[in-house]
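Structure first, commentary second.
No lab work stands behind these numbers, since they all come straight from the coordinates. Note that the structure is a prediction, hence the values are computed from the model and not measured. As a convention, Cβ positions derive from the backbone with ideal geometry for all residues, glycine included, and neighbour counts pool all protein chains shown.
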C-alpha cells in the first residue's frame, strides 16, 4: 500500500481511498506553491508510464497499480515521452 490514512492524532487508519489521495496531493502542492492539478489518476499514469519505459513487466505494473493483469485499460495509462526515442523499430537492423 503506497498511501495510508493518518488521523489528526497521527494514528494510521488504513489505506486511503482515491479521493483522499487526490485531496492530499492538492494540499501538498498548494503548500509547496507548485501550481499543478494532479489527481489520483496522475499517479497511476506515472506508475504505468515510467514502469513501461524502464522495462518493467506489465503484470507487475498491473498488480501494483490496481489493474487486472493483462488489462487493456492499463495500456491507456501508459504515455510515451518521445516517439523517436521510444521507437518499436529501433535497433531491428
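Observations on the model:
- Within this structure, residue 43 fails the test of being over 30 Å from residue 6 (Cβ atoms), in contact with a helix residue (DSSP H, G or I) (Cβ under 9 Å, 6 or more places away or on another chain) and in a helix (DSSP H, G or I).
- Matching residues in segment 17-40 - criterion: being loosely packed, with under 11 Cβ neighbours inside 10 Å and assigned to a loop (DSSP other than H, G, I, E, B): 33, 34, 35, 37
- Unmet criterion (only one of (1) in a loop (DSSP other than H, G, I, E, B); (2) loosely packed, with under 10 Cβ neighbours inside 10 Å) for residue 14: (1)
- Any chance residue 49 is touching a strand residue (DSSP E or B) at 6+ places or on another chain (Cβ under 9 Å) and in a helix (DSSP H, G or I): no
- Among residues of segment 65-93 being surrounded by 14 or more Cβ atoms within 10 Å (Cβ to Cβ) and free of Cβ contacts under 8 Å to residues at least 24 places away in the same chain, the one that is farthest from the chain's Cα centre (by Cα) is 71.
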